[in-house]
Amino acid sequence: MLRGLPPSCGAVRLVAVDGHAGSGKSTFAARLAQALGGAPVLHLDDLASHDELFAWTGRLRAQVLDPFARGEVAEYHPYDWNARRFGPARRLPAAPVVLVEGVGAGRRALRPHLARLLWMERAPEDSWRRGRHRDGPAQSAFWDGWTVAETRHFAHDPSLPFADVLIRECPGGYLWLPRRLPAVDSKPIHHTG
């Protein structure tokens, strides 16, 4: 279905995977990328920083969206969360489908460039509990600040109301629940993996 969509950013079909921190976006995006034959994945954690948890739109536009719109390979500078600085450039090919995953991937400024917006369907408290467990007690203070910042972000710039598809994790895979009529198929899509 995703490969059959019209391009949304140059020749690229940009597909966002959004949801609360800890909802399973990275795992789902990795599995979806594999199902798409190795589609590139941009992790928004690479564009955010300690000082700019959600103020990465300008970097995304300059380093990824503008090059894709020109038909070029993108180059972005991933943030090193341990060294607290942006690192050397990493290439992101203008493939037929490119996944962008992270909290805020479906934000207002990005939506005009998206072919589809997927939302991981998991409650914020459940997601945050999973994220805290994954990251361990050393990141507890970060998570305390994160949950406040995420709540503010989605209150100001919600993604869920604009999601084309809800993704629900279930035993053995994922259930795709279209919220609007997709271009190709209007039935729920079961994906295993």
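The values are calculated or read from the model by the stated rules, or taken from the named source; none is laboratory data. Just so it is clear, the model here is predicted, and its values are computed rather than measured. Because the Cβ atoms are built from the backbone with ideal geometry, glycine has one as well, and the counts that use them run over all protein chains shown. In case anyone asks, the SASA skips ligands and DNA or RNA and just uses the protein heavy atoms, side chains included. Shrake-Rupley method; radii C 1.70, N 1.55, O 1.52, S 1.80 Å.
When we screen 106, 87, 102 for residues that are touching a residue at least 12 places away in the same chain (Cβ under 8 Å), at negative phi and in contact with an Asp or Glu (Cβ under 7 Å, 6 or more places away or on another chain), the only hit is 106.
Within the group 45, 80, 51, which residue is of a type in the set (Asp, Glu) and under 12 Å from the mean Cα position of the chain (by Cα)? Give the derivation first.
Numbers: 80 fails: under 12 Å from the mean Cα position of the chain (by Cα); 51 fails: under 12 Å from the mean Cα position of the chain (by Cα).
Among 45, 80, 51, only 45 is of a type in the set (Asp, Glu) and under 12 Å from the mean Cα position of the chain (by Cα).
Here is a yes/no grid of residues against (1) on the phi > 0 side of the Ramachandran plot; (2) modelled with pLDDT under 95; (3) surrounded by fewer than 11 Cβ atoms within 10 Å (Cβ to Cβ); (4) in contact with a Pro (Cβ under 6 Å, 6 or more places away or on another chain):
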residue	(1), (2), (3), (4)
143	no, yes, no, no
146	no, yes, no, no
154	no, no, no, no
158	no, no, no, no
162	no, no, no, no
165	no, no, no, yes
169	no, yes, no, no
172	yes, yes, yes, no
191	no, yes, no, no
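If the condition is being aromatic (Phe, Trp, Tyr) and either in a strand (DSSP E or B) or crowded, with 18+ Cβ neighbours inside 10 Å (or both), then segment 73-99 contributes 76, 79, 86.
Given segment 15-72, what helices (runs of 4 or more DSSP H) lie entirely inside it while holding 2 or more residues that are open to solvent by less than 30 Å² (accessible area, probe 1.4 Å) and closer than 15 Å to residue 91 by Cα?
66-69
Is it the case that some residue within segment 101-110 is part of a strand (DSSP E or B), in contact with a helix residue (DSSP H, G or I) (Cβ under 6 Å, 6 or more places away or on another chain) and not basic (Lys, Arg)? The answer is yes; a qualifying residue exists.
Report whether or not residue 94 is more than 21 Å from residue 176 (Cβ to Cβ) and under 15 Å from the mean Cα position of the chain (by Cα). When the stated conditions are applied, residue 94 does not pass them. Residues in segment 119-157 that are touching a Lys or Arg at 6+ places or on another chain (Cβ under 9 Å) and not in a helix (DSSP H, G or I) were compared, and the one that is farthest from residue 17 (Cα to Cα) is 157. For segment 100-126, the tally of residues that are open to solvent by less than 50 Å² (accessible area, probe 1.4 Å) and more than 15 Å from the chain's Cα centre (by Cα) stands at 2.
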